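Peer 1: Starting off with a structure, shown below.
None of the figures in this text is laboratory data; all of them are computed from the coordinates on show. The shown structure was predicted, so the numbers you read here are calculated from the model rather than taken from an experiment. Cβ coordinates were reconstructed from backbone atoms using ideal geometry, including for glycine residues, and neighbour counts include every protein chain displayed.
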Ligand code: SF4
């Protein structure tokens with residue numbers, strides 16, 4: 001059992017907007033204060049601590065300036081250890097899918113990272129356990145409310161699809177395959193884990209059709225507003 005340290009490490013949404021060089025108005029300052037206050041609450045969360053084998057350690061990236069939301073499942077063991085979301089092979093693949101460098105991916109003014117469960121849930125016989133259900137129920141609406149500038153949400157895996165897309169009995173494959181039906185602001189994706197290598201081999205349309213469209217949507221979302 002870990003010490004129970006709760007750590008939302010940089011890069012996260014606590015960094016000041018002053019680094020952008022843009023002038024901030026009163027509403028920006030109050031939004032940043034609201035986000036910082038919420039992050040402090042999240043850091044202190046112990047709601048399901050007795051269900052977490054390594055203890056609470058929320059791993060997320062949140063900043064009201066973010067244009068892209070990565071809505072994933074839950075931090076894995078490596079992300080729990082480092083405190084950095086997607087600091088593993090899944091993250092390398094996801095950045096490649098998005099066409100972003102690590103520097104861009106970890107720029108909170110561009111990308112917010114909010115898994116459905118904020119802490120590592122443990123490992124079962126078939127890989128990591130599902131995100132703790134009480135986490136999204138307790139935190140997600142409030143966290144999403146801190147993201148007024150979002151242009152694109154990457155909806156990764158079953159649990160995020162159940163929340164962000166219409167609850168559907170469709171399989172993950174069917175939901176990803178119907179990516180055009182979810183509009184320009186949502187892109188359903190399989191988990192980028194190496195465990196899905198076989199899925200990627202079986203579904204060549206994903207690399208041929210979806211990934212070029214994803215990279216273009218990411219590029220547009222990152223572009224400065226006219
Ligand atoms: S998983 Fe979510 S609800 Fe559970 S302790 Fe971590 S932040 Fe709190």
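Peer 1: Residues in region 92-106 that are buried (at least 19 other Cβ atoms within 10 Å of the Cβ), part of a loop (DSSP other than H, G, I, E, B) and touching a helix residue (DSSP H, G or I) at 6+ places or on another chain (Cβ under 9 Å): how many?
Peer 2: Residues flagged as buried (at least 19 other Cβ atoms within 10 Å of the Cβ), part of a loop (DSSP other than H, G, I, E, B) and touching a helix residue (DSSP H, G or I) at 6+ places or on another chain (Cβ under 9 Å) within region 92-106 amount to 1.
Peer 1: Would you be able to tell me the number of residues in region 143-164 that are over 18 Å from residue 74 (Cβ atoms) and surrounded by fewer than 19 Cβ atoms within 10 Å (Cβ to Cβ)?
Peer 2: 5
Peer 1: If you don't mind, another one. Within region 48-59, is even one residue free of Cβ contacts under 8 Å to residues at least 24 places away in the same chain and away from the ligand (no atom under 13 Å from the Cβ)?
Peer 2: Looking for residues that are free of Cβ contacts under 8 Å to residues at least 24 places away in the same chain and away from the ligand (no atom under 13 Å from the Cβ), one finds none in region 48-59, hence no.
Peer 1: Can you find a residue that is within 16 Å of the ligand (Cβ to nearest atom), farther than 22 Å from residue 148 by Cα and either in a loop (DSSP other than H, G, I, E, B) or touching a residue at least 60 places away in the same chain (Cβ under 8 Å) (or both) anywhere in region 79-91?
Peer 2: yes
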